[in-house]
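The values are calculated or read from the model by the stated rules, or taken from the named source; none is laboratory data. On a predicted model such as this, the values are computed, not experimentally measured, just so you know. Heads up, the Cβs are rebuilt from the backbone with ideal geometry, glycines too, and the neighbour counts pull from every protein chain shown.
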Amino acid sequence: MKHLNKLFKTIDKLESFVPYFERENSKISKSTIGWQIDHSFKVINGVIEVLKTAPITKKEKLSLIGRFCLAFSYIPRGKGKAPKTVLPPKTISKQEILKQLILAKEGLNSIASVHPKATFKHAIFGVLSKATTLKFLVIHTKHHIKIIEDILNK
């Protein structure tokens, strides 16, 4: 599972930004670095939980947008709208981010036991296989890492 190793590396990268969680740069994003990290962990943890109980009878069926984003490993900025379930709270604490970090690492360690034919239904990308779901999580997390890096460097 090459995407699983990549996902662990992206989580490590997110963790390296935790000390800067209060930083912001309105020229780059309306949100703080903490928001980017919190949102990324909420997505990872939520998707992992869905995969654990996901149906194995569905077949992967990607939308055109899903195919494009996955083929080019790219999510355009400012085009998507996060569902309420993965939106960070108004006040983001370092302790909550670190709790989610631990959950993400534990979840990824348990993902091997998830059935290989488990699927995740993304609102825009369509129905994703387990392997494609892991690839999506890598792409999504890297998308937010780029925003964080821009906040820090511009």
Looking for something in contact with a Phe, Trp or Tyr (Cβ under 8 Å, 6 or more places away or on another chain) and on the phi < 0 side of the Ramachandran plot - is there at least one such residue anywhere in the range 75-87?
no
Of the residues that make up the range 54-68, is at least one in contact with a helix residue (DSSP H, G or I) (Cβ under 6 Å, 6 or more places away or on another chain), surrounded by 15 or more Cβ atoms within 10 Å (Cβ to Cβ) and of a type in the set (A, V, I, L, M)?
no
In the range 19-55, residues that are hydrophobic (A, V, I, L, M, F, W, C) and either over 16 Å from the mean Cα position of the chain (by Cα) or at positive phi (or both) total 3
Among the residues of the range 61-78, which ones are in a helix (DSSP H, G or I) and among the aromatic types (F, W, Y)?
F68, F72
Given the options K81, K90, K58, name the one that is basic (K, R), within 25 Å of T32 (Cα to Cα), in a loop (DSSP other than H, G, I, E, B) and over 16 Å from the mean Cα position of the chain (by Cα).
K90
Whichever residue in the range 72-107 is closer than 14 Å to F136 by Cβ and at pLDDT 90 or above and, among such residues, is surrounded by the fewest Cβ atoms within 10 Å (Cβ to Cβ)
F72
Return only the number of the condition from (1) closer than 21 Å to M1 by Cα; (2) touching a residue at least 40 places away in the same chain (Cβ under 8 Å); (3) not aromatic (F, W, Y) that E106 does not satisfy.
(2)
With F8, F72, F68 as the choices, which residue is within 17 Å of the chain's Cα centre (by Cα) and without any contact (Cβ under 8 Å) to a residue 40 or more places away in the chain?
F72
Test set (1) in contact with a helix residue (DSSP H, G or I) (Cβ under 7 Å, 6 or more places away or on another chain); (2) outside any helix (DSSP H, G or I); (3) not aliphatic (A, V, I, L, M) - T132 fails condition number
(2)
